[in-house]
Amino acid sequence: MLHNETLLVIAGMAAATFFTRFACLALFSRSGVPGWMGRWLKHVPTAILTALITPALLLPRGSLDISTGNHYLLAGCVAAAAAYKTRSVIATMTLGLAVMFALRWINL
Amino acid sequence: MMVEFQSGVRDGLPVLVGVVPFGLACGIMGITVGMTPLETVLMSVLVFAGASQFVAMTMLGAGAAGGLIVLTTLLINLRHLLMGASLAPHMNRLPVPVQALLAFGMVDETYALTMDRVRQNRYHPGYQLGCNLSFYLAWIASTTVGVCLGERIADPLAWGLDFAMPAMFLALLMPRLADKTGALVCALAAVVSVAGAMYLPGKWYIIIASLAASVAGGLLEGENNAAQ
């Protein structure tokens, strides 16, 4: 069974999400991106990746946790070192997750 | 085209390890908050945005007004505007319907993979489509399995599998820190996002830190150019 109210919410969410994904492409599809903006946008991937990673490692439960009890931070340091050395997504994820599971297992 | 598509799928596969537990959790949560199986899967099919789906389901369960849920979805997904803008220079020669199709599949992970491909080689729509499609299908499939299992299995995110996401992003971030401006942008984004996560409500820290750090990077680069 489908509830009309829930369906409406889902449709609204779909429209809102698609708007955020397509608006900028539509805006620049004819004119192209101006030069000053290009210099800015070049740094967006680095900025977004950092803004997604850092709080996930330092505040895994919503509050700042810089201690050896924070498994995300410990596994994150190992993953960062692996990423720096190998430049490989698979190696980084494998090593990072292995450390994560090991920490869970021995429950440090 | 086919070769590019296949290489997009291939690069997406290891990263799916990080998506499947979230999809399972999404399906389980839909049932838990009282949505029907069909509604839960339909949300994954039409919205395809993990963080906002979790928040929306929590709000639905708490009986929040529909308009408020849609507005919250819009706010959580504001970072897509920035991602879309940064992809625009690469995509603006494509036909608009193709841009719309590729935009529908743009999530954090597929965006990061596509931009990594741009950094290593050049942009290709086939590659982006390969990433998007493998993520989209994995998201729907894992939501469906979550719905079927319902509360019969333990929360898959409690295993620590949610660490797969930051680990994958770390691998894509590292090569971007080789130049001084990149390293400064990263440092600034780290400080602002942590401060934002501590003191701002919701997910505002993502868009604020990304904006502040990328604008600072653009300004730094402008100054360097002027000095030369």
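Remarks
- In segment B:91-107, the residues that are surrounded by 18 or more Cβ atoms within 10 Å (Cβ to Cβ) and in contact (Cβ under 8 Å) with a residue 12 or more places away in the chain: B:Met91, B:Leu102, B:Ala103, B:Gly105, B:Met106, B:Val107
- Subset of segment B:182-228 that is within 7 Å of another protein chain (Cβ to nearest Cβ) and over 15 Å from A:Pro55 (Cβ atoms) - its residue that is modelled with the lowest pLDDT: B:Gly222
- B:Gln99 facing another protein chain (nearest Cβ under 7 Å) and part of a helix (DSSP H, G or I): yes
- Selection of segment A:57-108 for residues being more than 7 Å from every other protein chain (Cβ to nearest Cβ), among the small types (Gly, Ala, Ser) and in a loop (DSSP other than H, G, I, E, B) yields A:Gly62, A:Ser63, A:Ser67, A:Gly69.
- Set B:Met115, B:Met43, B:Met35: member being assigned to a loop (DSSP other than H, G, I, E, B) and either touching a residue at least 40 places away in the same chain (Cβ under 8 Å) or at the interface with chain A (Cβ under 8 Å from one of its Cβ atoms) (or both): B:Met35
- Any hit, segment B:145-160, residues being facing another protein chain (nearest Cβ under 10 Å) and surrounded by 14 or more Cβ atoms within 10 Å (Cβ to Cβ): yes
- Total residues in segment B:182-207 satisfying the condition of being buried (at least 18 other Cβ atoms within 10 Å of the Cβ) and assigned to a helix (DSSP H, G or I): the figure is 14.
- Applying the criterion of being of a type in the set (A, V, I, L, M) and touching a Leu at 6+ places or on another chain (Cβ under 7 Å) to the residues of segment B:180-207, the residue that is nearest to B:Met83 (Cα to Cα) is B:Ile207.
- Look at segment A:30-45: where a residue is farther than 16 Å from B:Glu221 by Cα and a partner is surrounded by 13 or more Cβ atoms within 10 Å (Cβ to Cβ) and small (Gly, Ala, Ser), sitting 6+ places away or on another chain with Cβ atoms under 6 Å, you get A:Val33/B:Ala88.
- Segment A:12-35: number of residues that are more than 7 Å from every other protein chain (Cβ to nearest Cβ) and more than 21 Å from B:Lys203 (Cα to Cα): 6
The values are calculated or read from the model by the stated rules, or taken from the named source; none is laboratory data. Because the structure is predicted, anything quoted here is derived from the model rather than measured. Cβ coordinates were reconstructed from backbone atoms using ideal geometry, including for glycine residues, and neighbour counts include every protein chain displayed.
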